[in-house]
Amino acid sequence: MPPRSIQNPSALISNVPVLDGNSVGFPSWRTRLEELFAIVGVHNIVTGKLPRPETDYKDKEIKPLTQGSQRLYYAEESGSDWDTLSDMCWATLKMTLSIDLAIRYKETKPVNVLFKTICDAYKKNTRARQMMLQDAFWSARHDPNKPIATWITCDTQILRSQTKKKKYSSPVWDRIHC
């Protein structure tokens, strides 16, 4: 596998919105964070697609550790390199969390477990919200004393006054007009 050289993510972190526990901001946070990790070259470690190797360097040949001024990492072959990259991603991810969330998840390691935990929490929360909205929608009752009912009545009267000028012949119009 080719070695990885890590780009410094500090300049890109400001493009990731802070996740503050609000489910509205979660999709943009997740998208921007995944883009950041893809640019840096560690997306497969964060998402769990590249598991940690059991041992360091299966073949004992000497591999170059630097290329110019950049350190090279062999995450597919070296457990210690994978750990280093995972820790860097973990710190980057925690910088995009609000202080409360960072404290809540301070012991959750490695980064793929932390990322999955946060994503699962928001998926469950989103699903629960969808169920509550559906329940509220289907159990809603019409109350003629509410302002929305008054607004609908006024809107219907305006519609009737405007449409008296035109003649329509359709079963739907006949039901609305009557």
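Around the amide H of Leu97, modelled in the peptide plane, lie the amide H atoms of Leu19, all under 5 Å away and 5 or more residues distant in sequence or on another chain. For Ser78, the residues 5 or more places off, or on other chains, whose built amide H falls under 5 Å of its own are Tyr57.
Once backbone amide H atoms are built at 1.01 Å from N, Leu72 has Thr66, Gln67 as its partners under 5 Å, excluding neighbours fewer than 5 places away on the same chain. Between Leu133 and Val18, the simple spin-label model (points 7 angstrom out along Cα→Cβ) gives 2.6 nm. Taking 0.36 nm per residue of sequence separation and removing the Cα-Cα distance, the Lys106/Arg30 pair yields an extension gain of 25.5 nm. For Ile99 and Glu76, a Förster radius of 41 Å and the Cβ-Cβ distance give a FRET efficiency of 0.70, rounded to the nearest 0.05.
Here, each number is a calculation from the coordinates, and none is a lab measurement. Please read these numbers as outputs of a predicted model, since none were measured by experiment. No Cβ is skipped: glycine too gets one built from the backbone with ideal geometry, and neighbour counts run over all protein chains shown.
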